[in-house]
Amino acid sequence: MKRSYIDRIPVPGSEVVAEQTWAACSWVAMFIDQAIQRGYERDELPYDAVRFDDLWEYRGEVRNGGHAQYYENEIESRPRLAQTADLLGDIGLPNHRDLLIDFDRFVVENEYEIEEIYISGDSQAGKEMFYGFDDRFYELEESEGNLEDCLRKWLLRQPWIVVEDDQEIADMTRLKRSIPNHPFQEERLAARLRQ
């Protein structure tokens, strides 16, 4: 059977012209999340869309609770930090890229010490280990460019983004309807549950 994949991501025009610069980015991230929940694997989606999703998660965690929160919440994403960092370079944010590479290196080189601090229950000390990365991130938001704005501009230029020009409401019903069921959805979701 031919491999099932998604090569285009439809984005409602209302999300593209919304006042909130994050609207289109958030829509694409939700689309990817829903596609994976419907049985798709990451390699059945556009490669750059998956890298974008990882970078969007990074941005959200750091903006919400710093690099410590990213470290705590995104354990599955950390092995993909190299590809995420590459995307920062591709969109013209080399210093943001270097920050992510340095963060990844720091986590690898200090993994034992970081884990020991978290195991001891001293979460504040764990957070403080990452403050330098948070400071650099916010300095770069001013000096190199706002990550959210840069991501939105890059995203809307991608060939796998299809802006839909209609008046239909951009809600979860529409989002779910725009993702075809994967032919092996049930088997894959069952296998994920077993893991």
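The values are calculated or read from the model by the stated rules, or taken from the named source; none is laboratory data. The shown structure was predicted, so the numbers you read here are calculated from the model rather than taken from an experiment. Virtual Cβ from ideal backbone geometry, glycine too; neighbours counted across all protein chains shown.
Observations on the structure shown:
- His182 assigned to a loop (DSSP other than H, G, I, E, B) and closer than 19 Å to Val50 by Cα: yes
- Checking Tyr5, Tyr58 one by one, the residue that is surrounded by fewer than 16 Cβ atoms within 10 Å (Cβ to Cβ) and farther than 15 Å from Leu175 by Cβ is Tyr5 and no other.
- For Thr84, the criteria (1) among the polar types (S, T, N, Q); (2) surrounded by fewer than 18 Cβ atoms within 10 Å (Cβ to Cβ); (3) under 15 Å from Leu151 (Cβ atoms) hold in every case but one, which is (2).
- So Tyr40, is it over 18 Å from Asp149 (Cβ atoms), aromatic (Phe, Trp, Tyr) and buried (at least 16 other Cβ atoms within 10 Å of the Cβ): yes
- Any hit, the stretch 51-74, residues being over 12 Å from the mean Cα position of the chain (by Cα), at negative phi, in a helix (DSSP H, G or I) and modelled with pLDDT under 90: yes
- Qualifying residue in the stretch 13-33 (condition: assigned to a helix (DSSP H, G or I) and farther than 23 Å from Lys153 by Cβ): no
- Residue count for the stretch 34-50 satisfying the condition of being assigned to a loop (DSSP other than H, G, I, E, B) and touching a strand residue (DSSP E or B) at 6+ places or on another chain (Cβ under 9 Å): 2.
- Residues being under 16 Å from Gly60 (Cα atoms) and in contact (Cβ under 8 Å) with a residue 60 or more places away in the chain are represented in the stretch 7-21 by at least one member.
- Every listed requirement among (1) out of contact with any Ser or Thr (no Cβ under 6 Å at 6 or more places or on another chain); (2) surrounded by 11 or more Cβ atoms within 10 Å (Cβ to Cβ); (3) in a loop (DSSP other than H, G, I, E, B) is met by Leu175 save one, (3).
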